[in-house]
Amino acid sequence: MFEKLEKRIIFSGTIEAVTPLHIGSGKPEVEIGGVEMPVLTDPNGQPYIPGSSLKGRVRAEAERIARKEGLPVCTPPEVKNMCGSLKGRVEDFCICCKIFGTAGNISLASKVKFRDAYPTEKLETLLERTGIAIDREKGTVSKGALYTIQAVPAGTKFSLEVVAENLADDELKLLLAAFKSVEDSALGGSSTRGFGKVKFNIESVKERTAMYYLGKEEEKVFTGDGLKQWLKEKGGF
Ligand SMILES: [Zn+2]
């Protein structure tokens with residue numbers, strides 16, 4: 001399938017931790033007397049949110065919303081349960097595979113790319129909370145174990161950039177709905193303790209076409225009231 005670049009939409013802004021945010025390294029360190037759950041950090045020791053984590057959460061919310069709308073949606077993460085394995089033609093893929101991609105016999109790239117999100121200002125200190133594991137902490141801490149969880153403090157802002165290509169109107173609408181839904185749900189670990197409430201502050205939207213890259217057309221930039229209008233028109237809120 002030969003794909004053309006029709007339109008690229010670039011969302012820029014910040015993701016703000018409204019409550020402490022724990023994006024784990026996935027490698028809890030077992031110490032004497034308990035388990036340490038560090039946040040994921042870059043080589044400079046700064047915490048960050050991998051684009052894959054953001055995409056995973058946004059996709060999960062998009063799936064829930066689409067199902068509620070009565071649309072057929074496959075059931076990731078196992079590839080055998082996704083449209084790439086289940087369907088013979090891309091046209092028959094569910095809306096979430098069309099937006100976020102699928103692997104399988106037919107693989108389809110995601111139309112939406114989430115950049116890794118880094119703090120907008122250097123973060124000097126992290127929070128640490130100690131507790132007894134009573135819930136499923138990603139299945140890595142056994143019940144009753146003492147654990148210390150690290151988190152970035154509330155108020156920390158991370159740079160946000162999401163790039164979407166060639167989205168149909170209903171796909172864009174679902175993506176915007178999923179952003180909203182993640183805000184009312186949570187990102188990262190320990191959400192049962194109130195961690196992980198985030199706010200997506202979209203500050204600008206740029207629309208660029210193939211003609212823009214050829215220098216034959218201006219990009220469209222939406223900020224402030226223009227952006228509010230754009231979001232209302234595309235997302236309905
Ligand atoms: Zn699917």
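The values are calculated or read from the model by the stated rules, or taken from the named source; none is laboratory data. Computed from a predicted model, the values in this text were never measured in an experiment. Heads up, the Cβs are rebuilt from the backbone with ideal geometry, glycines too, and the neighbour counts pull from every protein chain shown. Note: accessible area is taken over every heavy atom of the protein model, side chains too, but ligands, DNA and RNA are not part of it. Shrake-Rupley method; radii C 1.70, N 1.55, O 1.52, S 1.80 Å.
Every test in (1) without any contact (Cβ under 8 Å) to a residue 12 or more places away in the chain; (2) more than 11 Å from the ligand (Cβ to nearest atom) is passed by I132 save one, and that test is (1).
With respect to (1) under 21 Å from V163 (Cα atoms); (2) open to solvent by 20 Å² or more (accessible area, probe 1.4 Å), the lone exception for E91 is condition (1). Of the candidates E61, E36, E16, E69, the single residue that is among the charged types (D, E, K, R) and open to solvent by less than 20 Å² (accessible area, probe 1.4 Å) is E61. When we screen F222, F237, F195 for residues that are modelled with pLDDT under 95, open to solvent by 30 Å² or more (accessible area, probe 1.4 Å) and among the aromatic types (F, W, Y), the only hit is F237.
For the structure I just gave you, tell me whether A151 is more than 16 Å from W230 (Cβ to Cβ), surrounded by 19 or more Cβ atoms within 10 Å (Cβ to Cβ) and at pLDDT below 95. So A151 fits the description; yes.
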